[in-house]
Every structure is written in structure tokens, then in C-alpha cells.
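Since every read-out is calculated from the coordinates, none of them should be taken as a lab result. Predicted model, so just to flag it, every value in this text is computed and none were measured. Cβ sites come from the backbone with ideal geometry, for glycine too, and all protein chains shown count toward neighbours.
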Amino acid sequence: MTSRATPEQHLRDLARLRRVRDRIDREYAQPLDVEALARDAHISAGHLSRQFRLAYGESVYSYLMTRRIERAMALLRRGDLSVTEVCFAVGSSSLGTFSTRFTELVGVPPSVYRAQAADEIAGMPACVAKQVTRPIRNREAQVG
């Protein structure tokens, strides 16, 4: 994954990054950290972080948190779990960090989102609701 890599090596490196991203997509609720992801990909954590940002425009941690927030939004829309239950169900270990990141991405705290979500998506098919309510990636929600 160097700037002097051959085209074949570059493709292999991109495939490695894609496997890391796919693992995050599958295992977002598991305790994942950059070091473990890098170790499993057979590269250093710093190198993974730099290359992931170059390839996908955001850090590994930011990508993981976005996946967790997307899933949390779906669980909160269901309405049968508390914010704390949702926090732990999506793999966050800190309610405070989860709430802060949720608010940054979505624009409102999880408890407010949960209360508003039912009205916003009433009668909307789940596949459409998922697209309409997807959090903004690569930029933070504007705080009013």
C-alpha cells in the first residue's frame, strides 16, 4: 500500500482494505478496534488508518461508528428498546460516547430521535425509511 506499488499490488491492497471494510459492516456490534483489524489484515494500525482514509474518505473508527449509528437509528425507530439497550446492542461500550456521536451525525440526541422517528416514517416502507434516515457521512450534521 505504498505510493510506489505496482498496479497489481495496488489492487491487492485495495482488496485488503475492502475486506477490512466488509468485516466492519458484518461485525459492527463486536468489540472492534483499529489494532485488531490491522493485525488481522497483516499491516500496522497506522498504515491501515492512513490507507483507509485515502480509500474511503474517513477514518476506520469513523466508519465503524457510522455503521453503529445507522443500526441504532433502525433500532430506535422500532421503539421497543431503550437508548441504553440500543447503545449496547450496536457494540458501543459507552453511553456517553454513543450519544455524543449519534448527536453529531444525526443532529439530535438518540432519545429525541426515538420520540420523533415514529411520526417521521409512519406508513413508509422500511427500505425507503432506511435511505431517507441514513446519517450524513464525511461531514457532521449542522447543529442549529
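Note on THR100 and ARG39: the model spin-label points, each 7 Å out from Cα along the C-beta direction, lie 2.6 nm apart. For ASP80, ASP33, ASP13, the sequence from fewest to most other C-beta atoms within 10 Å is ASP80, ASP33, ASP13. Net length available on complete extension from MET124 to VAL108 is 3.7 nm, with 0.36 nm assigned per residue and the Cα-Cα distance removed. The distance between label points at ALA5 and SER93 comes to 3.0 nm (points 7 Å beyond Cα on the Cα→Cβ vector).
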